[in-house]
1. How big, on average over all directions, is the shadow cast by the Cα convex hull of the stretch 154-256, in nm²?
2. With every protein chain left in place and a probe of 1.4 Å, what is the accessible surface of Tyr49, to the nearest 10 Å²?
3. Can you pick out the pairs among Lys41/Lys122; Lys132/Lys268; Lys132/Lys289; Lys206/Lys301 whose Cα atoms lie more than 32 Å from each other?
4. Report the accessible area of Thr138, computed with a 1.4 Å probe over the heavy atoms of all protein chains in place, in Å² rounded to the nearest 10.
5. In a Gaussian network model over the chain where Cα atoms closer than 10 Å are linked, find which of Pro74, Pro119, Pro193 has the largest mean-square fluctuation.
6. Looking at this model, which pairs from Lys151/Lys223; Lys107/Lys173; Lys105/Lys223; Lys145/Lys223 are more than 22 angstrom apart at the alpha-carbon?
7. Hey, what did the stretch 1-144 get for relative contact order, percent, Cα under 8 Å, at least 6 apart?
8. Taking every DSSP beta bridge that has both residues in the stretch 204-303, what percent is antiparallel when rounded to the nearest 5?
Amino acid sequence: MLSFSTCWNNARHPEGDDIIDEILSLGFDTMELSHGMTISKLPGIQKAYRAGKFRCSGVHNYFPSPVEVMIDAPDAYEFSSHRPYDRQRAMEMTIKTLELAAEFKAKYVVMHMGSVPMPSKKWTKRLTAMVKDGQQLTPEFAKAKLDFVKKREKIAPLYFQRAIEALEQLSEKAAELQIPLAVESRSRFEDVPSESEMVRLQEHFKDNPWIGYWHDFGHVQLKHNLGLLDHDQWLGKMAPYLIGCHVHDVYWPERDHRVPLTGELDFKKLLRHIDPKKPLVWELSPTRKADQIKQALSVWKAAYPETLQG
């Protein structure tokens, strides 16, 4: 099931119905209502939905943005935070997101669960810079990556446990509203959960139908490019837990949220792991041009007609 995220054009429009109309003009009639949406735009989106202009595949936490956050910042409040206020605010805003998701008959809510307090400049960004310089096969890169993994594993358990506890509480509201929480694969190794933690998280909730996995093609490819995982193997392993996917391409090695079929991703190979009825949400950078998106959508429909159902 193809869908399109409002993150692409949200910042360009003061009125919510204009956001919807522009996405409709691309050729999509199903949308994911994404983070970064100010509450002032909500009435226009509700009006468009009630008029039957679009279907809502799902919602990305937090929707709408916290009123005190002036920028698009889905990680403004983290479930893993040392600050009790931040953790409580994250819970409150997620409950509000779930309630709004029910209004739009959403099939899921995408979740960010937090991070381990390690400065990205020192870790993920350093590895990425080394790859861009062609150093990925050097002993220096191997040592930097190993140091990163060991440091993170040492300090991560507390932050992972906070994420588990938050999901245990939130799953009660998810069950009440019949909307699964989809824990997203993230682009930085500092983020929670890591891949090993994601497996443990899904196993922890294996008997809870309201917690699942959200695969982000671009995010996982960035980790693939750093040698932290194999994208194809990872997606195959996580397929049993899969709720849906964010679809975007990557320009080597770290430019993600590019238009599908314009970068390095082998979608034909990867899509074999995915039930085509699952939501496949194009989540693109605001810098991507409408004409390029329309052209890619036409090619996608011809190449993967099975993904158009749902």
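The values are calculated or read from the model by the stated rules, or taken from the named source; none is laboratory data. Predicted model only: the values in this text are computed from it and were never measured. In this analysis, Cβ positions are derived from the backbone assuming ideal geometry, glycine residues included, and neighbour counts consider all displayed protein chains. The accessibility values were calculated without ligands, DNA or RNA, using every heavy atom of the protein model including side chains. Shrake-Rupley method; radii C 1.70, N 1.55, O 1.52, S 1.80 Å.
1. Details: hull surface 26.6 nm².
Averaging across all directions leaves 6.7 nm² for the Cα convex hull.
2. Tyr49 has an accessible surface of roughly 50 Å² with all protein chains in place.
3. Long pairs (Cα-Cα over 32 Å): Lys41/Lys122; Lys206/Lys301.
4. Here the residue's solvent-accessible area equals roughly 40 Å².
5. Pro119
6. Too far apart for the 22 Å limit: Lys105/Lys223.
7. Here the relative contact order equals 19 percent.
8. Numbers: 2 of 9 bridges.
DSSP beta bridges in the stretch 204-303 are roughly 20 percent antiparallel.
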